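Down below is the structure, laid out as structure tokens.
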Amino acid sequence: MVCKEFPVFPESRYQGASSKLLADMGTSVHCATVISGCVAASSITFGASQNTALSTSRPHRLASTVVREDEPVLVAAAKSGDAAAFEELVNRYERKIFRLTMNITRNREDAEDAMQDAFMKAYSHLSGFQEDSRFYTWLVRIAANEALMRLRKRRPNQFSIDEPVEGEDDLMPREIEDWGPSPEQRFAQTELHGILDQVIDQLDPDFRTVFVLRDIEELSTEETAATLGISVPAVKSRLLRARLKLRQKLDRYMHDRKPN
Amino acid sequence: MNCRRTLLEVSNYIDGDLDAALKQELEQHLKDCPECAIFVIQTKATVEIFCDSQPVDLPQDVRARLHEALKRKLANPGT
């Protein structure tokens, strides 16, 4: 079989299915062989579990692991003036909010200021929190806006959230090669963190911001659009580009460190 | 369905946002095109790697300043 539709595919090589990754996806590639520089697989099985493996409403962890069940109780107590309850909410989310503001601003000073102001504003406006969304989601939106404000101020020319996105031609893969062992297996945790940090740092701020809100903070497409003041199609378009760019950048690391 | 269309729809696909007919078309293409199958797996893995990354440690000095500001705020909510 020759891949005709991606004209650049004939350069590609296949060096064996990444068994863990494929197993994790509920997907198996059998009898893959290299023919004339392209992949031939006598049988690629997308099993019954594929619907929950490759295509899911949320491809990663559930919100229930982010928000503990007692959050509404703490929020209600904080609203009624219980300072200790609000402090507990801060303790619970300070690391996540710092990660968010760091991911958006990529500047420690701005990230700290944005985080601090976000918690202060959340406290000041707590009575206005309607509880029709999770407190954490509400907090993320406040923190994202604080971070975006600082990012726009520091890098006004690099932030083009209102401009149309480019075409996708630059993201067409030049070659597709199996990664082998998953990144988590291949790299030590510290090294992987460093790689992810570098890779996300290279994304344009407007794509990075959408990716951070949707895929790391798990806001819905609609919540992300509302937070950024852009349309749902714009969120989807930027998320696609962000994901493709990150895959492309990560791909380089995976090829640089092929196992022996 | 072709490889280019797969690239354009991969994000909607892994989010489960494709309608049934388009999803079926895409999955048929994935069965026929191992390269696209790997591409989709890698894109999904990329999202998961970032999603699963733990929050960075909050530096001690940053945390101390946050809690000082919080203490002041809680003592004087109107400020």
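Rule-based calculations on the coordinates, nothing more; no lab input. Because the structure is a prediction, the values reported are computed rather than measured. With ideal geometry, Cβ positions are generated from the backbone for all residues, glycine too; neighbour counts draw on all protein chains shown.
General observations
- Mean silhouette area of chain B, derived from the convex hull of its C-alpha atoms and averaged over all directions, reads 9.0 nm².
- Residue mean of other protein chain beta carbons inside 10 Å, A:234-243: 3
- Rounded to the nearest 0.05, the FRET efficiency derived from the C-beta distance between A:D82 and A:E191 at R0 = 56 Å is 0.85.
- Sorting A:Y123, A:Y136 from the fewest to the most surrounding beta carbons within 10 angstrom yields A:Y123, A:Y136.
- Separation of chain B and the range A:89-131, taken as the distance between their Cα centroids, equals 20 angstrom.
- Given A:K236/B:K23; A:K249/B:K31; A:K249/B:K44; A:K245/B:K31; A:K79/A:K121, the pairs whose alpha carbons are separated by over 21 Å: A:K249/B:K31; A:K245/B:K31
- If you plug the beta carbon distance of B:R65 and A:D256 into 1/(1 + (r/R0)^6) with R0 = 25 Å, you get a FRET efficiency near 0.05.
- Take the Kirkwood radius over Cα pairs of the range A:63-154, plug it into Stokes-Einstein at 20 °C and 1.002 mPa s, and you get 161 µm²/s for translational diffusion.
- The B:A21 and B:D52 beta-carbon pair, evaluated with R₀ = 30 Å, returns a calculated FRET efficiency of approximately 0.40.
- Exposure proxy shown here: for B:R5, A:R241, the number of other Cβ atoms within 10 Å sets the order, fewest to most, as B:R5, A:R241.
- Rounded to the nearest Hz, the phi-derived 3J(HN,Hα) couplings of the range B:18-24 under the Karplus curve 6.51 cos²θ - 1.76 cosθ + 1.60 (θ = phi - 60°) are 8, 6, 4, 5, 5, 4, 5, where x marks glycine and proline.
- Chain B, helix-only ellipticity at 222 nm - DSSP H runs n ≥ 4, -39,500 (n - 2.57), divided by all residues, nearest 500: -25000 deg cm²/dmol
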